[in-house]
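Taking it in order: structure first as structure tokens, then the write-up.
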Amino acid sequence: MAIARIRLEETAVLIVDVQERLVPVMHEPEYLVAQVGRLMDAAAALGLPTLITEQYPKGLGATVPELAERASTAVCNHEKTRFSSCIDPVRDELRRRNIRTVLVAGIEAHVCVLQTCLDLAKAGYVSAVVVDAVSSRQPIDRDVALQRMAQAGVLPTTVESAVLEMVGEAGGERFKAVLPIVKNQPMR
């Protein structure tokens, strides 16, 4: 079996539904937003494409203000009503950019994140869930979803692990660009 590696040149970040009316009811909402922000900052520093989805924003609000400014550079920002974020505009953008690996972060882990990761894996992508940048209202839902994803072949990773795997070595411009982000680890 081939070992899945997160390679800079073939990776994109997908932020799922981190919205105004959803975030406040998540477990550890401040930590979640901080970690998603770190992931988005690292993606920008490394030149990774970032894609964003919003679940029914008319009812659930827009992406939270703490992330909205970062979201302005997203290559794909789409509304959806399906739980999975593996929607046509997202798939089209991934194909257009020859992406093979998708780092998935957001909410809720047991609904939209789970279904997105499963759909990406089924479509042939290395689907990687960023475990410290996903949440649900209840920790048990998040934990079971992460177990289910791992059993289905979704690659578990963390913000720091994924970023440093893509950088590959200490030193150099890429490492210098992400070092402040890596050092800025929020505490739980």
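Every number in this text was worked out from the coordinates using simple rules, so none of it is lab data. For clarity, every value in this text was computed on a predicted model and none was experimentally measured. Positions of Cβ are generated from backbone atoms using ideal geometry, with glycine treated the same way; all protein chains shown enter the neighbour counts.
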Checklist entry - Can you list the residues, at least 5 places off or on another chain, whose amide H is less than 5 Å from the amide H of GLY106, using H built in the peptide plane? => result VAL16, VAL134, SER135
Checklist entry - Given H placed 1.01 Å from N in the peptide plane, which residues other than close sequence neighbours of GLU79 have an amide H under 5 Å from its amide H? => result GLU54
Checklist entry - Per the Kirkwood treatment, what hydrodynamic radius in Å, one decimal, follows for segment 26-147 from the mean inverse distance over all distinct Cα pairs? => result 14.5
Checklist entry - To the nearest 0.05, what FRET efficiency results for VAL75 and LYS122 with a Förster distance of 30 Å applied to their C-beta separation? => result 0.85
Item to check | For segment 151-173 versus segment 114-146, the gap between their alpha-carbon centres in whole angstrom | outcome: 16
Checklist entry - Do any trypsin sites (Lys or Arg not before Pro) in segment 137-175 lie in a loop, going by DSSP, with at most 12 other beta-carbon atoms within 10 Å of their beta carbon, and if so which? => result none
Checklist entry - Per-residue ellipticity at 222 nm for the chain, helices alone: DSSP H runs ≥ 4 residues times -39500 (n - 2.57), over residue total, nearest 500 deg cm²/dmol? => result -12500 deg cm²/dmol
